[in-house]
Amino acid sequence: MIDSHCHLDDAVFDADREAVIQRALDAGVELMVAIGTGKGPPDLEAGIRLADAHPQFVATVGVHPHDAAKAVPDTWQRLESLLAHPKVIAIGEIGLDYHYDFSPRDVQRDVFAKQLRIAAAHRKPIVIHTREAWDDTIALLEHHWAPHGLPGIMHCFTGSPDQAERALALGFYISFGGVVTFPKAADLHEAARTVPLDRILLETDAPYLAPVPQRGKRNEPAFLAHTARRLAELRGVAVEEIARATTENFHCAVLLH
Ligand SMILES: [Zn+2]
Ligand SMILES: [Zn+2]
């Protein structure tokens, strides 16, 4: 399996990071995507540092919507130069977060659009974070992204079947995380049943959003197996089928095939 989204650079892993990585490998997670947003600009290399140190990681670079207000002109030059790093597979996570509003919304939209333009110019896929900002996110993607015909990943998808449909129409892959194992997520369960098998991905978003039965604890890539099992159960297929499809899909999503 591939964990398409995790934050193992987080300080909560400082004491036992190597053990966490070993547990992931033991649990059948062969590759992890180190999301490179870290603590925000000026440091854009949080993911690259992990990927440079470990063969089981590839990385992204990007400015998270929370950190949009920290970006300066130099941020974009640096971001563009890091895209040449051989383990950088995408720009992300980028998008809009109107739940926390850690950066003003107009700044979030500008920084999102800016990164969409950079990704398109460099033919790099994108990883999208969107929270309570669905309509604005889709509008910006339709305007700045859809015309380029490049793939993207809707990370930690928690929406409805209708929302999944809109993301699929834009050419996106839908990534399911721990929330799909939560018992009350009925709309999300329906989306998890209906998204075509060749468009689904798995992720943990570790250290956040641990799946049942680890809910509430620090999440880690080894827990991906719980999410894969729940997805298999919802779709009425074997877990091996989910592992195979999501691994293959990941390579298409990040243009590594
Ligand atoms: Zn996110
Ligand atoms: Zn994340």
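Bear in mind these aren't lab numbers, they're just calculated from the coordinates by the rules spelled out. In this text the structure is predicted, and so the values were computed from the model without any measurement. Glycine gets a Cβ as well: all are built from the backbone with ideal geometry, and neighbour counts include every protein chain shown.
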request  = In a Gaussian network model over the chain where Cα atoms closer than 10 Å are linked, find which of ALA169, ALA133, ALA146 has the largest mean-square fluctuation.
outcome  = ALA169
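Residues with beta-carbon under 12 Å from that of LYS124, excluding LYS124: net charge, scoring Lys, Arg +1 and Asp, Glu -1? Don't skip to the answer; put the middle values down first.
Numbers: positive: ARG117, ARG123; negative: GLU80.
It works out to a net charge of +1.
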task = Please work out the FRET efficiency for the pair TRP134 and ASP198, using the Cβ-Cβ distance as r and a Förster radius of 22 Å; give the result to the nearest 0.05.
result = 0.40
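Using only the Cα atoms, work out Rg/Rh for the chain, with Rh taken as the Kirkwood radius, to two decimals.
Details: Rg = 16.7 Å, Rh = 17.9 Å.
When Rh is taken as the Kirkwood radius, the ratio is 0.93.
Percent of alpha carbon pairs in segment 193-257 separated by more than 14 Å?
Working: 1204 of 2080 pairs.
Roughly 58 percent, once rounded to a whole number.
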inquiry  = Can you tell me, using C-alpha contacts under 8 Å and at least 6 residues apart, the relative contact order of segment 1-82 as a whole percent?
reply    = 27
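How would you rank 9-21, 147-159, 200-212, highest first, on the average number of other Cβ atoms within 10 Å across their residues?
Working: 9-21: 14.6, 147-159: 19.9, 200-212: 23.1.
The densest-packed peptide leads the list: 200-212, 147-159, 9-21.
What does the charge add up to near ALA59, with Lys and Arg as +1, Asp and Glu as -1, over the other residues with Cβ less than 9 Å from its Cβ?
On the way: positive: ARG49, LYS87; negative: GLU45, ASP52.
Neighbour charge sum, excluding ALA59 itself: 0.
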remark   = Answer check: segment 43-141, Cα atoms, Kirkwood Rh, Rg/Rh ratio of 0.97
task = Please find the FRET efficiency linking CYS252 to ASP43, where r is the Cβ-Cβ separation and R0 is fixed at 35 Å, and quote it to the nearest 0.05.
result = 0.70
task = Multiply the residue gap between GLU30 and GLU142 by 0.36 nm, knock off their C-alpha separation, and tell me the result in nm, one decimal place.
result = 37.0 nm
query = What is the calculated FRET efficiency for ALA113 to ASP187, with r their C-beta to C-beta distance and R₀ = 25 Å, to the nearest 0.05?
reply = 0.30
Label-reachable residues, segment 63-80, where backbone N falls under 15 Å from a point 7 Å from ALA121's Cα toward its Cβ = 72-80
key: Largest-first ellipsoid semi-axes for segment 130-257, taking √(5λ) over the Cα gyration tensor eigenvalues, angstrom   = 23, 17, 14
